[in-house]
Amino acid sequence: MERIYILVSGPLAWIAWSVLILGSIYRLWQVFSLAKQKEQVLFSYISLKYALRSIINWSIPWNTTNMRLHPIFTGVAFLFHIGFFVILIFLSAHVIMIEEGFGLSWPTIPDALADVMAFLVVGACIFFGVRRIVRPEVAFVTDWTDFALLGLVAAPFLTGILAYHQWGDPLLMTILHMLSAEILLISIPFTRLVHMLFAPFTRGYIGSEFGMVRHVKDW
Amino acid sequence: MKERVWIKDEGIERGAEALTPERIERTINAVLGNETGARLMAYVETCVHCGLCSEACHFYLSRDKDPSYAPVGKVKQTIWPMLKHKGKVSVEFMKQATQIAQTECNLCRRCVQYCPFGIDIAYMMSLVRRIVHKLELTPLYIQDTAHSHSATLNQMWVKDDEWIDALHWQEDEIREEIPNARIPLEKEGADIMYSVIGPEPKFRTQLIYQAAVIMNVAGLNWTMPATPGWDNSDMAMFTGDSEIMARLKRAHFETAARLRVKKIVMGECGHAFRSVYDTGNRVLGWRMPPIPVIHALEFYWDLLNEGRIKVAKQIEEPVTFHDPCNVVRGRGLHEKAREVVRAFCKNLVEMHPNREHNLCCAAGGGVINCGPPFKNARVESNSAKAEQLKATGVKLCIAPCHNCHGGLDDIIHKYGLDMELKFLGEIIYECMEKPEA
Amino acid sequence: MTPRRFSFLLGASFIVALSVLGAIPAWTQDTVLKTQAFGTLTRPVALFDHDTHNEKAGLDDCAICHHVYRNGKLVAGESSEDKACSDCHTLQGQGRQPGLRVAYHTACAGCHTTKAKGPLACGQCHRR
C-alpha cells in the first residue's frame with residue numbers, strides 16, 4: 001500500500017499533470033490550426049471588447065435571461081464551478097504539498113470552509129445526475145458518458161471528503177483521492193470536460209458576432 | 001402531447017429514392033470534412049448536454065416541451081449520429097434529419113442566446129441543410145424557390161419585363177395621389193438603391209407603392225434597378241445552396257455598384273436582410289457588406305430623426321410590435337423600431353418576452369417556404385407565439401418582416417385571434433404628412 | 001454508613017477522578033509531537049510515540065532526526081536532542097532552512113517515502 005501511495009503521489013501525479021498541460025496545449029493548438037487552415041474568416045469576426053463583454057456577463061450569476069429562467073440550476077452550477085477551483089487551488093493540504101515539493105506557497109482557505117464546499121460540489125454532482133434523469137429535455141440527450149463524466153468529477157471530491165474526515169482507512173482513501181483526481185486531470189483535454197478550455201473561445205466568438213456584427217446582447 | 005408526424009413531401013421522397021448508403025456517407029463526410037473545421041469541433045465537444053437551450057425554442061415550448069424539439073434534441077437527431085457513425089446513416093435517418101433541420105428550426109438563433117457556451121445551434125442546423133441539399137432531399141416547395149432564384153435571380157419567377165411593368169404600374173398609381181411622384185429606374189449616381197423581395201411585385205405591390213410615397217415625400221435621391229439583381233431575398237441561403245446564394249448576392253451588390261449608389265435600403269424583410277447584411281457578403285468574401293445596407297426599420301428612424309418625414313396623425317388604438325429575429329437578434333434594431341412605432345402610435349403594448357428575446361414567428365428560416373405539406377405542423381408548433389400575442393389584448397400587430405407576416409397570419413387564423421397585421425411602412429404611409437398629396 | 005461519611009467518600013472520589021482525568025493530557029504528551037510553537041492548529045496533532053517508533057524503525061542514531069546544520073551544511077557526528085525543533089526551525093523558513101511545518105513533514109514523510117514504510121497520507125499521522 002505504501003508503494004502504491006508513493007506511485008500515485010509521485011510519478012502518476014507528474015504524468016497526470018503533464019498529460020493535462022500538454023494535452024490542453026495540443027487541443028488548443030489543434031482547434032486554432034484547424035481554424036487557421038479552414039476557417040480563417042473566424043478571426044476577422046473576433047473583437048476583444050465584445051468577447052470580454054460576453055464572457056463577463058455570463059460569469060455573473062443570475063445575470064443572463066436564461067440564468068434567471070433557471071435560478072436553482074444557476075446557483076448550483078456556480079457553486080459547483082467555484083467550489084471546484086477554490087478547493088483545487090486554495091485547500092491547505094494542496095498548497096502544503098506544492099510548498100513542500102516546489103517551495104511555492106500562497107494563502108489557503110480554512111479547512112472547515114473547504115469541507116463545506118467539497119460537500120456542495122458532491123451535492124451539485126448528485127443534483128446534475130438527478131436532473132439528467134428527471135428532466136425529459138436533459139434525459140433525451142443523456143447517455144452513459146454523461147454520468148461517467150459526473151462520476152469522474154465527483155470522485156476526487158468524495159474521496160477527498162472521506163480522506164479528510166478519516167472515514168475508512170486514511171491511506172486507502174488518500175490513494176483513491178489522488179488516483180481519481182489524476183484520472184480527472186487526464187480526461188479534461190480529451191472528453192467534454194474540454195469545455196474548460198474551449199468555453200472562453202466559443203463564448204468570446206459568439207459574443208463578438210452578436211456585439212460587433214449584430215449589435216445586440218447575447219445574454 | 002402533440003405527436004410528431006413524419007411528413008410526406010414529394011421533394012424529400014423523390015430525393016430519397018435516388019439515395020444509396022454510399023452516397024449518404026460520401027456526402028456527409030465531404031461536407032463535415034471539407035466545409036467545417038474548428039467551429040463544429042469546438043461546438044460538439046464543448047456541449048455538455050445540459051439542455052438549457054430548450055426553453056429558448058418556440059417549437060419545444062409549443063409542443064408540450066417535447067424534448068425531441070429542443071435545440072440540443074435536434075442536434076442529437078442530426079449532427080451527433082452523423083459524426084458518431086462517420087456518415088454511415090440510413091436513408092430514413094436522412095429523411096427525418098431533413099424534416100428536423102429544414103422545417104422544425106427557423107434558424108432564429110434564440111437558443112444561441114440561451115446556451116451558456118454560446119454554441120451556435122443554428123449553424124449546425126444550416127450544416128445539416130447543406131448536406132440535405134447535396135443529397136437532393138430539400139423539400140419540394142423551397143427547392144422550387146431556389147430554382148427560381150437560380151433561373152431568374154428572383155424568388156418568384158418574376159420575368160424581367162414583369163418587374164419593370166410592376167414598377168411603372170405602381171408609379172402610375174402613386175401619381176393619382178401625388179402628382180409629381182416618381183419611381184426612378186436605373187438612375188446612376190442616386191444616393192439610395194431601394195431593393196425588395198420577389199413577393200412584393202408579385203402580390204404585395206402596395207408595399208412598393210407605400211415605400212415610393214415615403215421616398216418621394218422625404219425628397220430622396222433614390223432609384224430602383226430595372227435589371228435582375230433587384231431582388232434581395234435568398235431562399236438558397238436556407239437550403240444550404242451556398243453557390244446560388246453567392247450568385248444572388250453578387251448580382252445584388254453588383255447592381256448597386258453599377259448604379260453607383262451610396263447605400264442599399266431594403267424593404268421590411270428579415271431573411272433578406274440576413275442574407276445581404278450577414279451571410280451573403282461572407283460567402284462572397286466580404287467581412288461586412290461592400291455597400292452599406294440599411295433595413296427599412298433603421299431607414300424610417302433616420303428619416304424621422306432627420307425631419308424628412310413628419311407625423312400627421314397617430315394611431316389611436318393600442319398596438320403591439322413583433323421583433324423579427326433577423327433584424328433584432330441579427331441587427332439590434334429593436335429600440336429604433338420602437339421609437340418609430342411610438343412616434344406614430346399612441347399606445348404600444350409590449351409582448352413578453354420582447355426585443356432580442358422575442359419568440360419567433362415559426363415561418364422564417366425558409367420554414368414557411370417549405371409549403372403546404374408542412375403548414376399544419378408549423379402552425380401547431382407555435383402556440384407559444386399565439387399565447388404571447390393574445391396576452392397583449394390588442395387588435396393590431398406591427399410585424400416588419402414578410403416571413404413574420406406569413407407566420408403570424410397563419411397563427412392568428414388557427415388560434416382564432418382577433419388581430420390585424422401591418423407592416424410599419426403601412427402605418428407610416430397612413431399617418432405621415434404628405435404635403436403634395 | 002453515616003450520611004456524613006458517605007458525602008466525604010463521594011467528595012474524595014470526585015477529587016481523585018478529577019486529578020486522574022487531569023493527568024491524561026500530561027500522559028499523552030509523549031505520544032504526540034510538540035506543537036506549542038504553531039499556536040492554533042489547523043489539523044489534529046500528529047501522533048508520534050518516540051520509543052515505539054525508534055524500536056520499530058531500528059533507529060539508534062539520534063542525529064538522523066535531531067540533526068545539526070551549520071552554515072547550511074549537515075554537521076556529522078553532532079546531534080541536537082537537547083533542543084526543540086522549533087528552536088531552529090521558526091514558523092517561516094529562513095533562507096534554505098525550512099519552516100517548522102515543512103521541516104516536520106520532510107523529516108517524517110520524507111523518510112517514510114524513502115523507506116516506503118510508515119504513515120504517508122495526511123490522515124495517518126493527523127488522526128482525528
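For residue C:78, indicate whether it is away from chain A (no Cβ under 14 Å), more than 30 Å from residue A:8 (Cα to Cα) and surrounded by fewer than 14 Cβ atoms within 10 Å (Cβ to Cβ). So that I can check it myself, show each step before the final result.
Values: away from chain A (no Cβ under 14 Å): yes; more than 30 Å from residue A:8 (Cα to Cα): yes; surrounded by fewer than 14 Cβ atoms within 10 Å (Cβ to Cβ): yes.
When the stated conditions are applied, residue C:78 passes them.
Just one of A:53, A:68 is within 13 Å of chain B (Cβ to nearest Cβ), without any contact (Cβ under 8 Å) to a residue 40 or more places away in the chain and in a helix (DSSP H, G or I); which is it? Write out each step before concluding.
Numbers: A:53 fails: without any contact (Cβ under 8 Å) to a residue 40 or more places away in the chain.
Answer to the check: A:68.
Considering only residues that are surrounded by fewer than 18 Cβ atoms within 10 Å (Cβ to Cβ) and over 19 Å from the mean Cα position of the chain (by Cα), look in segment A:145-167 and name the one that is nearest to residue A:113 (Cα to Cα).
A:165
Need the failing condition index for residue B:382 against (1) over 24 Å from residue B:101 (Cβ atoms); (2) buried (at least 24 other Cβ atoms within 10 Å of the Cβ), just the number.
(1)
Just to verify a result, which residue in segment B:324-378, among those that are of a type in the set (S, T, N, Q) and in contact with a helix residue (DSSP H, G or I) (Cβ under 7 Å, 6 or more places away or on another chain), is surrounded by the most Cβ atoms within 10 Å (Cβ to Cβ)?
So, considering only residues that are of a type in the set (S, T, N, Q) and in contact with a helix residue (DSSP H, G or I) (Cβ under 7 Å, 6 or more places away or on another chain), the one surrounded by the most Cβ atoms within 10 Å (Cβ to Cβ) is B:326.
Looking only at segment C:109-124, which residues are surrounded by 14 or more Cβ atoms within 10 Å (Cβ to Cβ) and more than 9 Å from chain A (Cβ to nearest Cβ)?
Residue satisfying the conditions is C:111 alone.
Just to be sure I understand, how many residues within segment B:103-123 are of a type in the set (S, T, N, Q), surrounded by 24 or more Cβ atoms within 10 Å (Cβ to Cβ) and either within 13 Å of another protein chain (Cβ to nearest Cβ) or farther than 20 Å from residue B:67 by Cβ (or both)?
Initially, segment B:103-123 is screened for residues of a type in the set (S, T, N, Q), giving B:103, B:106, B:113.
Still in the list and also surrounded by 24 or more Cβ atoms within 10 Å (Cβ to Cβ): B:103, B:106.
If we keep only those that are either within 13 Å of another protein chain (Cβ to nearest Cβ) or farther than 20 Å from residue B:67 by Cβ (or both) as well, we get none.
Going through segment B:103-123 one residue at a time, the tally reaches 0.
Return the only residue of A:68, A:135 being under 30 Å from residue A:205 (Cβ atoms) and surrounded by fewer than 13 Cβ atoms within 10 Å (Cβ to Cβ).
Step by step, each of A:68, A:135 is checked, and only A:68 is under 30 Å from residue A:205 (Cβ atoms) and surrounded by fewer than 13 Cβ atoms within 10 Å (Cβ to Cβ).
So residue C:127 ticks every box in (1) basic (Lys, Arg); (2) within 9 Å of chain A (Cβ to nearest Cβ); (3) touching a His at 6+ places or on another chain (Cβ under 8 Å) but one. Which box is left unticked?
Just one mismatch for residue C:127, condition (3).
Restricting attention to segment A:56-65, and to residues there that are outside any helix (DSSP H, G or I) and out of contact with any helix residue (DSSP H, G or I) (no Cβ under 7 Å at 6 or more places or on another chain), which single residue is farthest from the other protein chains (Cβ to nearest Cβ)?
My answer is A:60.
Can you pull out every residue in segment B:252-310 that is aromatic (Phe, Trp, Tyr) and within 20 Å of the chain's Cα centre (by Cα)?
Of the residues in segment B:252-310, the ones aromatic (Phe, Trp, Tyr) are B:253, B:273, B:277, B:286, B:299-301.
Answer for segment B:252-310, where residues must be aromatic (Phe, Trp, Tyr) and within 20 Å of the chain's Cα centre (by Cα): B:253, B:273, B:277, B:299, B:300.
Would you check if residue A:77 is free of Cβ contacts under 8 Å to residues at least 60 places away in the same chain, farther than 26 Å from residue A:183 by Cβ and assigned to a helix (DSSP H, G or I)?
Numbers: free of Cβ contacts under 8 Å to residues at least 60 places away in the same chain: yes; farther than 26 Å from residue A:183 by Cβ: no; assigned to a helix (DSSP H, G or I): yes.
Taking the combined requirement at face value, the residue does not satisfy it.
Determine which single condition residue A:118 fails, assuming it passes every other condition in (1) in contact (Cβ under 8 Å) with a residue 24 or more places away in the chain; (2) in contact with a strand residue (DSSP E or B) (Cβ under 9 Å, 6 or more places away or on another chain); (3) within 11 Å of another protein chain (Cβ to nearest Cβ).
With respect to (1) in contact (Cβ under 8 Å) with a residue 24 or more places away in the chain; (2) in contact with a strand residue (DSSP E or B) (Cβ under 9 Å, 6 or more places away or on another chain); (3) within 11 Å of another protein chain (Cβ to nearest Cβ), residue A:118 is out only on (3).
From the list B:217, B:158, B:213, which one is part of a loop (DSSP other than H, G, I, E, B) and in contact (Cβ under 8 Å) with a residue 12 or more places away in the chain?
On the way: B:217 fails: part of a loop (DSSP other than H, G, I, E, B); B:213 fails: part of a loop (DSSP other than H, G, I, E, B).
Result of the check over B:217, B:158, B:213: B:158.
Looking at C:96, C:101, can you tell me which residue is of a type in the set (D, E, K, R) and either at pLDDT below 90 or in contact with a Lys or Arg (Cβ under 9 Å, 6 or more places away or on another chain) (or both)?
When all the criteria are applied, what remains is C:96.
Which number in (1) surrounded by fewer than 16 Cβ atoms within 10 Å (Cβ to Cβ); (2) more than 16 Å from residue A:119 (Cα to Cα); (3) within 12 Å of another protein chain (Cβ to nearest Cβ) marks the one condition that residue A:81 misses?
(2)
Could you grab me the full set of residues in segment B:81-112 that are part of a loop (DSSP other than H, G, I, E, B) and small (Gly, Ala, Ser)?
Result: B:87, B:90.
When you look at residue A:214, is it in contact with a Leu (Cβ under 7 Å, 6 or more places away or on another chain), at the interface with another protein chain (Cβ under 8 Å from one of its Cβ atoms) and not aliphatic (A, V, I, L, M), yes or no? Write out each step before concluding.
Values: in contact with a Leu (Cβ under 7 Å, 6 or more places away or on another chain): no; at the interface with another protein chain (Cβ under 8 Å from one of its Cβ atoms): yes; not aliphatic (A, V, I, L, M): yes.
When the stated conditions are applied, residue A:214 does not pass them.
Residue under question is residue B:274, and the condition is that it be in contact with a helix residue (DSSP H, G or I) (Cβ under 6 Å, 6 or more places away or on another chain) and more than 15 Å from residue B:191 (Cα to Cα); does it hold?
On the way: in contact with a helix residue (DSSP H, G or I) (Cβ under 6 Å, 6 or more places away or on another chain): yes; more than 15 Å from residue B:191 (Cα to Cα): yes.
Judged against the criteria, residue B:274 is a match.
Which residues, counting only those in segment B:46-80, are in a helix (DSSP H, G or I), small (Gly, Ala, Ser) and at the interface with chain A (Cβ under 8 Å from one of its Cβ atoms)? Break it down stepwise before answering.
Taking segment B:46-80 first, the residues in a helix (DSSP H, G or I) are B:46, B:54-56, B:58-62, B:67-69, B:71-76, B:79-80.
If we keep only those that are small (Gly, Ala, Ser) too, we end up with B:54, B:56, B:62, B:68, B:73.
Answer for segment B:46-80, where residues must be in a helix (DSSP H, G or I), small (Gly, Ala, Ser) and at the interface with chain A (Cβ under 8 Å from one of its Cβ atoms): B:54, B:56, B:68, B:73.
Please work out which one of (1) of a type outside the set (S, T, N, Q); (2) within 12 Å of another protein chain (Cβ to nearest Cβ); (3) under 24 Å from residue C:118 (Cα atoms) is the condition residue A:181 fails and give its number.
Only one criterion is unmet by residue A:181, namely (2).
Could you tell me how many of the residues in segment C:84-108 are surrounded by 12 or more Cβ atoms within 10 Å (Cβ to Cβ) and either facing another protein chain (nearest Cβ under 8 Å) or among the basic types (Lys, Arg) (or both)?
4
Let me confirm something: among A:88, A:104, A:7, which residue is away from chain B (no Cβ under 12 Å), without any contact (Cβ under 8 Å) to a residue 12 or more places away in the chain and outside any helix (DSSP H, G or I)?
A:104
The values are calculated or read from the model by the stated rules, or taken from the named source; none is laboratory data. Just so it is clear, the structure is predicted and the values come from calculations on it, not from any experiment. Positions of Cβ are generated from backbone atoms using ideal geometry, with glycine treated the same way; all protein chains shown enter the neighbour counts.
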